[in-house]
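Visitor: After the structure tokens below, expect a handful of questions from me.
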Amino acid sequence: MRSPPTDFSLQVADEQTGITAMKIFLDGEFLEKEDAKISVFDHGLLYGDGIFEGIRVYRKCVYRLQEHLERLWHSAKDILLEIPMSPKEMEEAVCESCRQNGIVDGYIRLLVTRGRGDLGLSPDSCPSPSVIIIADTISLYPEDHYTDGLSIVTVPTRRSGPAALNPAIKSLNYLNNILAKMEAAQSGALEAIMLNDQGYVAECTGDNIFIVHKGRMYTPDVSNGALRGITRGAVIELAESEGIPVKECNLTRHEIWNADECFLTGTAAELIPVVKLDGRVIGPGKPGEVTKKLHAAFHEEVSTRGVLL
Ligand code: PXG
């Protein structure tokens, strides 16, 4: 059901060294992968003090780049981080990173860290944030899971709530999500549902979640701890244009177990069906019609929405 793999980024392996040439944007310069290094005193490393975006490129179109940059700037504002370039300069740096690496279809990891400082939590010792752009490829789940659907589990680690670290901030602190991913693996699953501190479904470790029931779609409201995913937003738009009503609400596991269909969305995962949760088969146990329709609509729009290289 997934389109054939189209990740053809031009990463030429040097025949003698075996090293793959890749240019990394680091604070205004393009450096070879081996030379792109940051300080051990960078507070991004010392304290996870920083933010990031994961962005896809489809047929030389940087998918919904403006929305990713807007979210990056919102995250920066929340953590009082001044990004040392304008959104227009960032757009140009992202596109140039793709061009330098011959990216046609790929994945961009854009980070802004607090930068180098002294030991101690205070960012006052960090005068200049660092901007890093990696233009590469990614494949998150094995190909057959897109046709057969994922089997996932609910894990004990909770999504942090707005009263702690606001989940709307796409920060470099992913430890709960990493723990959740490890707990899923311990149960033999590739992905995990994370609940919020009230026991409602928030999202998965790096993906938003949707269910389809009696022709309507439901997804956790962002107040439940869901990241306002760009793919989530795209799928809501696509569903509405197909005449499928979408409601953002509280969801419990009960609703997911008893749904007709379930799928996850995310930049890396794109749109992937879920056919089993916590040992309960969802619907007929195979990807449903609404999921398939939205998957097709998503792949139709990806190279038409965004900034062309
Ligand atoms: N929830 C969380 C917690 C995420 O981190 C999403 C949902 C999906 O949002 P988008 O905007 O991508 O539709 C994410 C996505 C990476 C990486 O390595 C990025 C994410 C998750 C995991 C890994 O770049 N972010």
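The values are calculated or read from the model by the stated rules, or taken from the named source; none is laboratory data. Remember, it's a predicted structure, so these values are computed and weren't measured experimentally. Backbone-built Cβ (ideal geometry, glycine too); neighbour counts: all protein chains shown.
Visitor: Please tell me if Arg280 is within 11 Å of the ligand (Cβ to nearest atom) and surrounded by fewer than 22 Cβ atoms within 10 Å (Cβ to Cβ).
Guide: On the way: within 11 Å of the ligand (Cβ to nearest atom): no; surrounded by fewer than 22 Cβ atoms within 10 Å (Cβ to Cβ): yes.
No, not satisfied.
Visitor: Criterion first (out of contact with any helix residue (DSSP H, G or I) (no Cβ under 8 Å at 6 or more places or on another chain) and not aliphatic (A, V, I, L, M)) does Phe30 satisfy it? Walk me through it before giving the result.
Guide: Numbers: out of contact with any helix residue (DSSP H, G or I) (no Cβ under 8 Å at 6 or more places or on another chain): no; not aliphatic (A, V, I, L, M): yes.
Criteria not met by Phe30.
Visitor: Follow-up question, since we're still on this one. Condition (residue is more than 11 Å from the ligand (Cβ to nearest atom), in contact with a strand residue (DSSP E or B) (Cβ under 9 Å, 6 or more places away or on another chain) and more than 27 Å from Ala297 (Cα to Cα)) applied to region 199-218: is it met by at least one residue?
Guide: Let us first name the residues in region 199-218 that are more than 11 Å from the ligand (Cβ to nearest atom), namely 199-201, 210-218.
Among the residues that remain, those that are also in contact with a strand residue (DSSP E or B) (Cβ under 9 Å, 6 or more places away or on another chain) are: 200-201, 210-213, 216-218.
Now drop any that are not more than 27 Å from Ala297 (Cα to Cα), which leaves 200.
Yes, region 199-218 has at least one match.
Visitor: Taking Thr231, is it within 11 Å of the ligand (Cβ to nearest atom), in contact with a helix residue (DSSP H, G or I) (Cβ under 7 Å, 6 or more places away or on another chain) and modelled with pLDDT of 95 or more? So that I can check it myself, show each step before the final result.
Guide: Working: within 11 Å of the ligand (Cβ to nearest atom): yes; in contact with a helix residue (DSSP H, G or I) (Cβ under 7 Å, 6 or more places away or on another chain): no; modelled with pLDDT of 95 or more: yes.
The answer is no for Thr231.
Visitor: Here's something else I'd like to know. Out of all the residues in region 148-166, is one or more without any contact (Cβ under 8 Å) to a residue 24 or more places away in the chain, outside any strand (DSSP E or B) and within 16 Å of the ligand (Cβ to nearest atom)?
Guide: The answer is yes; a qualifying residue exists.
Visitor: When the residues of region 118-150 are narrowed to those that are closer than 30 Å to Ser39 by Cβ and charged (D, E, K, R), which ends up surrounded by the fewest Cβ atoms within 10 Å (Cβ to Cβ)?
Guide: Checked region 118-150; the qualifying residue surrounded by the fewest Cβ atoms within 10 Å (Cβ to Cβ) is Asp124.
Visitor: Here's something else I'd like to know. Residue check, Glu248 against (1) within 21 Å of Tyr58 (Cα to Cα); (2) free of Cβ contacts under 8 Å to residues at least 40 places away in the same chain; (3) surrounded by 15 or more Cβ atoms within 10 Å (Cβ to Cβ), all met but one. Which one?
Guide: Here Glu248 meets the rest and fails (1).
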